[in-house]
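These notes are about the structure you will find just below.
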Amino acid sequence: MHRSCGCQKTGIRDQVSEVSEWARRFEDLDVFRRAYALSLEVHRASFDFPRIEQFALADQVRRASKSICANIAEGFGKQRQSRVEFHRFLMMAIGSADEKQVWSLYCRDLGYIGVDVAERCRSEHREIARMLQGLSRSSSDP
């Protein structure tokens with residue numbers, strides 16, 4: 001959504017090795033930091049949408065983007081008691097990342113963002129979803 005959407009790429013191997021050490025805070029997870037940075041960009045850019053969209057599409061875009069971060073944080077907080085709960089919240093975060101890709105298409109097709117911006121944002125959300133899938137797999141390993 002922001003004109004750049006250029007967050008730093010990190011590989012799944014980095015994320016998996018990070019999980020093996022079990023970060024002390026959700027903010028320590030690369031995937032959280034990446035999702036949070038993109039969420040801030042999306043939030044700021046959505047204020048440029050037409051006034052009529054501020055309580056509709058722009059609000060939905062902001063909520064979906066923030067949901068990714070919130071689910072990572074909530075799942076992380078519960079993972080000490082239950083890895084199953086952590087996995088469940090990671091699956092919800094993946095769902096929100098996928099949902100956000102749809103909203104990017106709407107924003108592009110309605111002319112609120114450019115084709116290149118939409119594709120960069122969709123690509124970034126796909127990468128975040130991939131990282132979350134790797135985190136989920138590695139967190140369920142004994």
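Accessible area per residue (1.4 Å probe, heavy atoms of protein chains only) ranks VAL102, VAL117 as VAL102, VAL117, with the largest value leading. Could you compute the net charge surrounding ALA64? Neighbours are other residues with a C-beta less than 9 Å from the C-beta of ALA64; K and R count +1, D and E count -1. Once all neighbours under 9 Å are counted, the net charge is +3.
The listed residues LEU132, LEU110 rank as LEU110, LEU132 when sorted by accessible area, largest first, using a 1.4 Å probe.
Just the number, please: Stokes-Einstein D of the range 31-112 in µm²/s, Kirkwood Rh from C-alpha pairs, 10 °C, 1.306 mPa s. D = 120 µm²/s.
Just to confirm a number: summing +1 for Lys and Arg and -1 for Asp and Glu over residues other than LEU110 whose beta-carbon lies under 13 angstrom from that of LEU110, what do you get? Every neighbour counted, the sum reads -2. In units of the rule-of-thumb radius 2.2 N^0.38 Å, the range 64-130 shows an alpha carbon radius of gyration of 1.27.
The values are calculated or read from the model by the stated rules, or taken from the named source; none is laboratory data. Given the structure is predicted, the values throughout are model-derived calculations rather than measurements. Cβ atoms come from the backbone with ideal geometry, glycine included; neighbour counts cover every protein chain shown. Quick note on the areas: whole protein, heavy atoms, side chains included, nothing else; ligands and nucleic acids left out. Shrake-Rupley method; radii C 1.70, N 1.55, O 1.52, S 1.80 Å.
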